[in-house]
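*Asks:* Before anything else, here's the structure in question.
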Amino acid sequence: MELKLNRETVPAAETIYDGVQEQALEMDYILPDYCPDIFRLIRCDTIPVITDWSISGDRLTYELMCDIHILYCGEEGSAVQSVDQRRSFTRTVELGRAAESPEVRLVPKTDHVNYRAVNKRRLDLRGAVSVKISVTGQQEQEVISDAFGMNIQLKKAPVKFAAQRINAVKNVRIEEDMELTPAQPDISSVLSCRCRAGDCEIKLISGKLLAKGEVQTELLYSGSEGAVEHMSFSLSYSQIIDVEGIDDSFECAVMPEVVSCNVTAAADGDGNNRILRCETEIRLGCRAVKTSTAMIAEDAFSTVYPCNVEMSEIKAEQIPSVYDESFRHSARLAEGDAVPQTIYAMWSEPKNINTRIGDDGRSVVISGMLSYSMAAKDNAGMVVMPDRDEAFEETIGLPDDISGAYVSAEVSVKETAYDISAEGVLNARADIAVKLSVYSSDSIKAVTNIVIDDSAKKERDGDYAIKLYFGIENENVWDIAKRYSTSVEAIMEENELSGERLENGGMLLIPIVS
């Protein structure tokens, strides 16, 4: 009987490009006539955002936008002034080759910023931002799933992989007017605005995806008396995303990302600046994946004929297991005379996040820096906005063994609070949310071809029907069967074994099959 092979096509993920691209950031700015002279610089924030990208052949093109916010005090008063500028860049990346069904991930961050007042009317800024770029594609790899004839033996294992994936993106604008409460003073000027997109709820309706969520917004503004005021509020959205070909068999996730957040003051019916006009744009990135499972051959041999087995490393695209976790971080920021006279607001942001699997194989160790910032008035009555970086390391236990897996983490701050103790110590605490994505080992050794030489049979070291073998604990029965050119089933049946690994060491009877 001739050898017959059944083959299975497994979509495989391949990395097309993985690197970092840097962009210099420069600004030479002269204050307009209506702005007061610069007396003291307070703070500079630079926020880089990817607004768009496209792939043509082997070239990736993306749009990088950097929002620059500089706060300063004027010479004739203590009121905080804001300078807001925007720089846009178009960058290209040579990928080296075209990608089939590409997935692109662009993560921008500010590397460093140096700013100074050249004179009372002129600001100079020099810095750099970087974009971490990852482009993956798909390729089909053919593997052996079954074989018949010529006394062939197969070691098979199930492989779960992404059989089909669909990506869709939708940009959404949220426009809403917020009115101040009677206890809040009129708005002199908006100083800063920070937006964070929370988790997104999704629901599949008639082949379309309904996405609902909120954008958390924190605002600092200068009041009519020059004091810094803090506000926080949520902007809600509910959007239908057209995803062609999606149905209930797909696992879906929507990742919301803030593209821009602009808040301006507007007059109410009495002509007072008591209205906040919010214009926020978010990008909803949808990823839908249909999973499938295939049995593939990991090894093969013939009990009678010499054979050559061709192996290949298959990188099947894996579906991650996602864990939502949280922890609290505490920091001692100041004490005694270093504690500000008044604290208007405090916030924090994670950076330089690293992850590794714990030594026990059932935990993830997350480390990085948490940058605490505050808007405050110091003991000299000056408005200050200092930063304080605090290192952290947190071990998160998981219910499953993840040894050999790859882990990525998305870390965000849900809330930052502070208190001043009776001893005059300023303590801060941040509630941190962590979304862990755990990918099983994506490299699988698979049989891609089997060639049997039927011109001669295997030579044995004697004419016998059974052989004695001393096995060791946890030894794989497949390895024993392959060594003696017999079948796993014959060994298990002869020795009444319950599993394909030996529970205990000891003598085994090895029946020889032909």
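The values are calculated or read from the model by the stated rules, or taken from the named source; none is laboratory data. Just so it is clear, the model here is predicted, and its values are computed rather than measured. All Cβ positions, glycine included, derive from the backbone under ideal geometry; neighbour counts span all protein chains shown. SASA here: full protein model, heavy atoms, side chains in, ligands and nucleic acids out. Shrake-Rupley method; radii C 1.70, N 1.55, O 1.52, S 1.80 Å.
*Asks:* Filter the trypsin sites (Lys or Arg not before Pro) in region 109-150 to those in DSSP coil with at most 12 other Cβ atoms within 10 Å of their Cβ, and list the result. Before the final figure, lay out the partial values.
*Replies:* Values: sites: 109, 116, 120, 121, 122, 126, 132; in loops: 120, 121.
Here the trypsin sites (Lys or Arg not before Pro) that fit, given the DSSP loop and packing criteria, are 120.
*Asks:* Which net charge results when you count Lys and Arg as +1 and Asp and Glu as -1 among the other residues whose beta-carbon is under 14 Å from that of residue 356? List each step's numbers first, then the result.
*Replies:* On the way: positive: 362; negative: 359, 360, 393, 394.
Once all neighbours under 14 Å are counted, the net charge is -3.
*Asks:* May I ask you to rank 347, 53 by accessible area, largest first, using a 1.4 Å probe over the protein chains only? Please list the in-between numbers first.
*Replies:* Working: 347 20, 53 100 Å².
My answer, sorted largest first, is 53, 347.
*Asks:* Using a 4.7 Å cut-off between beta carbons, which cysteines in the chain end up with no partner cysteine at all?
*Replies:* 35, 44, 66, 73, 193, 200, 252, 278, 286, 307
*Asks:* For residue 148, what charge total do you get from the other residues with a beta carbon under 11 Å from its beta carbon, if Lys and Arg give +1 and Asp and Glu give -1? Kindly include the intermediate steps, with their values, before the conclusion.
*Replies:* On the way: positive: 4; negative: 2, 146.
So the surrounding residues net to -1.
*Asks:* I would also like to ask the following. When Rg/Rh (Cα atoms, Kirkwood Rh) is calculated directly from the model, which label among [x] 0.94; [y] 1.07; [z] 1.12 fits?
*Replies:* From the options [x] 0.94; [y] 1.07; [z] 1.12, the structure gives [z].
*Asks:* Two-decimal Rg/Rh of region 408-514 from alpha-carbon positions, Kirkwood Rh?
*Replies:* On the way: Rg = 29.2 Å, Rh = 19.8 Å.
With Rh from the inverse mean 1/r over Cα pairs, Rg/Rh is 1.47.
*Asks:* May I pose another question? Hey, what number do you get for the chain at 222 nm if only DSSP H runs of n ≥ 4 count, each worth -39500 (n - 2.57), divided across all residues, to the nearest 500?
*Replies:* Values: 2 runs with 15 residues, N = 514.
Theoretical 222 nm ellipticity from helices: -1000 deg cm²/dmol.
*Asks:* Could you grab the relative contact order for region 377-441? Cα pairs under 8 Å, six or more apart, rounded to a whole percent.
*Replies:* Numbers: 64 pairs, mean separation 21.0, N = 65.
Once divided by the residue count of region 377-441, the mean separation gives 32 percent.
*Asks:* Below 8 Å, C-alpha to C-alpha, sequence gap of six or more: please give me the relative contact order for region 97-156 in percent.
*Replies:* Values: 68 pairs, mean separation 21.9, N = 60.
It rounds to 36 percent for region 97-156.
*Asks:* If you plug each phi of region 125-140 into the Karplus form 6.51 cos²θ - 1.76 cosθ + 1.60 with θ = phi - 60°, what whole-Hz ³J(HN,Hα) values come out, in order, with x for Gly and Pro?
*Replies:* My calculation for region 125-140 gives 9, 9, x, 8, 10, 10, 10, 7, 10, 9, 10, 10, x, 10, 9, 8 Hz in order.
*Asks:* Moving on to the next point. Peptides 264-272, 372-380, 308-316: what's the order by average Cβ count within 10 Å, highest mean first? Numbers along the way, then the final one.
*Replies:* Working: 264-272: 11.4, 372-380: 17.7, 308-316: 15.8.
So the peptides 264-272, 372-380, 308-316, ranked by packing, come out 372-380, 308-316, 264-272.
*Asks:* Which whole-number percent of Cα pairs in region 43-145 have a distance greater than 23 Å?
*Replies:* Values: 2476 of 5253 pairs.
Everything past 23 Å amounts to 47 percent.
*Asks:* Using only alpha-carbon positions, what ratio does the radius of gyration of region 40-103 give when scaled by 2.2 N^0.38 Å? Display every interim value, and only then the final one.
*Replies:* Working: Rg = 18.9 Å, N = 64, 2.2 N^0.38 = 10.7 Å.
The value comes to 1.77.
*Asks:* Compute the signed sum of charges (Lys and Arg +1, Asp and Glu -1) over the other residues within less than 13 Å, Cβ to Cβ, of residue 184. Kindly include the intermediate steps, with their values, before the conclusion.
*Replies:* Numbers: positive: 274; negative: 179, 186, 225, 229, 268.
Residues near residue 184 contribute -4 overall.
*Asks:* Restricting to DSSP loop positions (anything but H, G, I, E, B) with no more than 11 other Cβ atoms inside 10 Å of their own Cβ, which GluC sites (Glu not before Pro) remain in region 227-276? Mind dumping the intermediate values first?
*Replies:* Working: sites: 229, 244, 251, 257; in loops: 244.
Listed in order of number, the matching sites are 244.
*Asks:* Using only protein heavy atoms and a 1.4 Å probe, report how much of residue 208 is accessible, in Å² to the nearest 10.
*Replies:* In the full protein context, residue 208 sits at about 80 Å².
*Asks:* Relative contact order (percent) for the chain, with alpha-carbon contacts under 8 angstrom and 6 or more residues of separation?
*Replies:* Numbers: 1263 pairs, mean separation 69.9, N = 514.
With pairs under 8 Å counted, the relative contact order is 14 percent.
*Asks:* Rounded to the nearest Å, what's the spacing between the alpha carbon centres of region 134-178 and region 189-252? Just the number, please.
*Replies:* 30
*Asks:* Which sequence of 249, 232 reflects their accessible areas, 1.4 Å probe, from the largest down? Can you show the working numbers first?
*Replies:* On the way: 249 60, 232 80 Å².
Heavy-atom accessible area, descending, gives 232, 249.
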